[in-house]
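The values are calculated or read from the model by the stated rules, or taken from the named source; none is laboratory data. Small disclaimer: the values here were computed from a predicted structure and weren't measured. With ideal geometry, Cβ positions are generated from the backbone for all residues, glycine too; neighbour counts draw on all protein chains shown.
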Amino acid sequence: EKGQIRVQTENIFPIIKKFLYSEHDIFLRELISNAVDASQKIKTLSSIGEAKGELGDLRIDVSLDKENKTLTIADHGVGMTAEEVDKYLNQVAFSGAEEFLNKYKDASIIGHFGLGFYSAFMVSDKVDVYTKSFKDEPSTFWSCDGSPSYEIGETEKQERGTKIVLHINSDSEEFLDADKIRGILEKFCKFLPIPIFFEDKQINNTAPLWVKKPSELTDEDYKNFYKELYPFGEPPLFWIHLNVDYPFNLTGILYFPKIKQSYEIQKDKIQLYSNQVFVTDEVKDIVPEFLMLLHGVIDSPDIPLNVSRSYLQGDPNVRKINAHITKKVSDKLEEIFKNDRKSFEEKWESIGLFVKYGMMTEDKFLDKANKYFLMQDAQEEKQFYTLEEYKTAVEALQKNKEGKYVILYTTDLVQQDAYLKACAEKGYKAVRFETIVDAAFVNNMEMKWSDVQFTRVDADIVDNLIDKNESTESVLSKDEAESLKSLFGLQIPNLNVTVEVKGLSPETAPVLATRPEFMRRMKDMGAVSGG
Ligand code: ADP
Ligand code: MG
């Protein structure tokens, strides 16, 4: 029997081919997803007694025949009756070419939505389907050459399930290469729940760690899974197992990587899955930006995959998932901080980057992080303060005339050594803000923490670092001071610095050249030159 595929306006296939040009790989994901769906359906039907007889081995086989230029995907799932083939394969999901174009013209989404069975035509001249339903009906053969006409009839197939044979077209011969096929399978199918074989080797781990119960897993299991995901990575610091089924479905494992230098930060290390099918490793808008530095896997069938990114941001499920992940991460940090502060401090170098970035960008996170955010003492490297602890420690000496706490900080222990010593002599406590996020962090927190003022240790001579309206005595006479000042002024002309000699003890630094905190920050931001 012959027939015409029912596409309303015009032939959809050239459009599919053209618009999915850059994402040809996904045809395999689509066909394998269908095979997995069919296998899971037969499992369910068998368990509730609707499908009689042996379930059998549900493996899915992918095979290449280079000589005949075919790629075959075979499953032992529910199969289709002739009526179902007509219903499902002869009806194109899109009502017309124009609608298709309007819906999918945003190129960034391509590859993220399921074009389904028809994606086979991106790489094939002809697609043959052999299928036998679990229902007691004759097997069906269907063949289509990419034009809207098809052939349908009976065939000899004995085993339950569906076999799809793609006659690879001459533009797509790369898909006759075993390495290419293996690569695609490893990318998209690595964690699918039904065993997938290619060249007699199983490609996938059908029970990845994130679908298991956290209570049944050991630290070793988590570390090994991290290795499976990132074979060359250093072991992670710690991890969070996500497991929610209401009001949205979300599972996954997020790992905190070890980071020593901020340039080691790698984004796009989180993989997004939908029911164990790999979707993308671009999780922007799904995961809060500061958490994109984490590694791992999230799996949610509730994240819409066939819509544009701007829509995604407004999607209620995505917003809830985003908030949930933020909360889980914050809870985990608080838990480690409370239960094992020592280990938290040891990891602060890595953790601090996420935490500071999060405090600057997510107000909800800021409220919680204020409890466990740490500052490292500039002189005693083992000494860490929370914000509250620092305030208590400096209560007596480091409040300015407005009553604000003055956080004295250094950006460079070596260069600012003399200033730090002078501070220590005064009994002041300085902390370290040395990383690339710190300059922005200091500016940002000064706006958010209303009772705090930040001052860099070299911002002024030590007596003036904390503006208390107290006068100080110089160790030099007025004349000595003046001549020293002009001497230094000659050595460093055109710089926005103040040379001060008063109030310093000769052992530490008899003279200090300083720049007002305001001028320095303006310079750091590129607002003024010189100095
Ligand atoms: P979707 O998977 O989103 O339903 P597809 O275009 O991928 O859309 O597939 C259309 C339909 O064809 C499926 O819903 C299913 O009923 C049927 N089908 C496709 N492949 C198979 C298969 N391997 N076994 C059984 N049925 C299949
Ligand atoms: Mg499908």
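Odds and ends about this structure:
- Residue list for the range 146-168, filter: buried (at least 16 other Cβ atoms within 10 Å of the Cβ), modelled with pLDDT under 95 and under 42 Å from the mean Cα position of the chain (by Cα): 146, 148
- The range 34-55 residues that are closer than 16 Å to residue 136 by Cβ, paired with ones that are within 16 Å of ligand 2 (Cβ to nearest atom) and not hydrophobic (A, V, I, L, M, F, W, C) (beta carbon under 7 Å, 6 or more apart): 42/77
- The listed residue being of a type in the set (Lys, Arg) and within 16 Å of ligand 1 (Cβ to nearest atom), out of 66, 41: 41
- Among residues of the range 31-51 being within 16 Å of ligand 2 (Cβ to nearest atom) and surrounded by fewer than 19 Cβ atoms within 10 Å (Cβ to Cβ), the one that is nearest to the chain's Cα centre (by Cα) is 37.
- The range 308-399 holds helices (runs of 4 or more DSSP H) entirely within its bounds, and those carrying 2 or more residues that are closer than 23 Å to residue 453 by Cα map to 348-361, 363-369, 387-394.
- Just one of the listed residues (418, 439) is among the small types (Gly, Ala, Ser) and either under 32 Å from the mean Cα position of the chain (by Cα) or in a loop (DSSP other than H, G, I, E, B) (or both), and it is 439.
- Strands (runs of 3 or more DSSP E) lying entirely in the range 1-94 (those with 3 or more residues that are touching a strand residue (DSSP E or B) at 6+ places or on another chain (Cβ under 7 Å) and at pLDDT 90 or above): 60-65, 70-74
- Residue count, the range 192-233 (criterion: part of a loop (DSSP other than H, G, I, E, B), out of contact with any Ser or Thr (no Cβ under 8 Å at 6 or more places or on another chain) and surrounded by 11 or more Cβ atoms within 10 Å (Cβ to Cβ)): 10
- Residue within the range 250-270 that is of a type in the set (Phe, Trp, Tyr), buried (at least 17 other Cβ atoms within 10 Å of the Cβ), under 22 Å from residue 206 (Cβ atoms) and modelled with pLDDT under 90 present: no
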